[in-house]
Amino acid sequence: MNIRKSPTNVLAAGITLASIAAIALWQFYLFATYKNPQGLVDVQGGTHHLWWAIGAGVIACLAGVFVFSVFVRYDADNEMHITS
């Protein structure tokens, strides 16, 4: 796996993670402000927005861990050990 730690890759990963997190926040906002047909806030409705928010949040966390681990491990492969 040859992933370079270039500014473009870091920026693309940051923008992607931020956009997934923004989608999760927007879906949670839609859940929290869900209104029934009479225009009143309905805490029982809009659960599909909550599930979308949970799903996007989980995806953002997993992608963040993956991106972080890939960028941290990149330099470890280029080390020359004294014993070799």
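With a 10 Å radius around each residue's Cβ, average the other Cβ atoms per peptide and rank 50-56, 37-43, highest first.
50-56, 37-43
With each label modelled as a point 7 angstrom along the Cα→C-beta vector, the ASN9-LEU50 pair spans 4.0 nm.
Stretching SER19 away from SER69 to a fully extended chain increases their span by 16.0 nm, per 0.36 nm per residue minus the current alpha-carbon distance.
Bear in mind that the values in this text are calculations on the coordinates, not laboratory data. Remember, predicted model here, so these are calculated numbers, not experimental data. Here the Cβ is made from the backbone with ideal geometry for all residues, glycine too, and neighbour counts use every protein chain on show.
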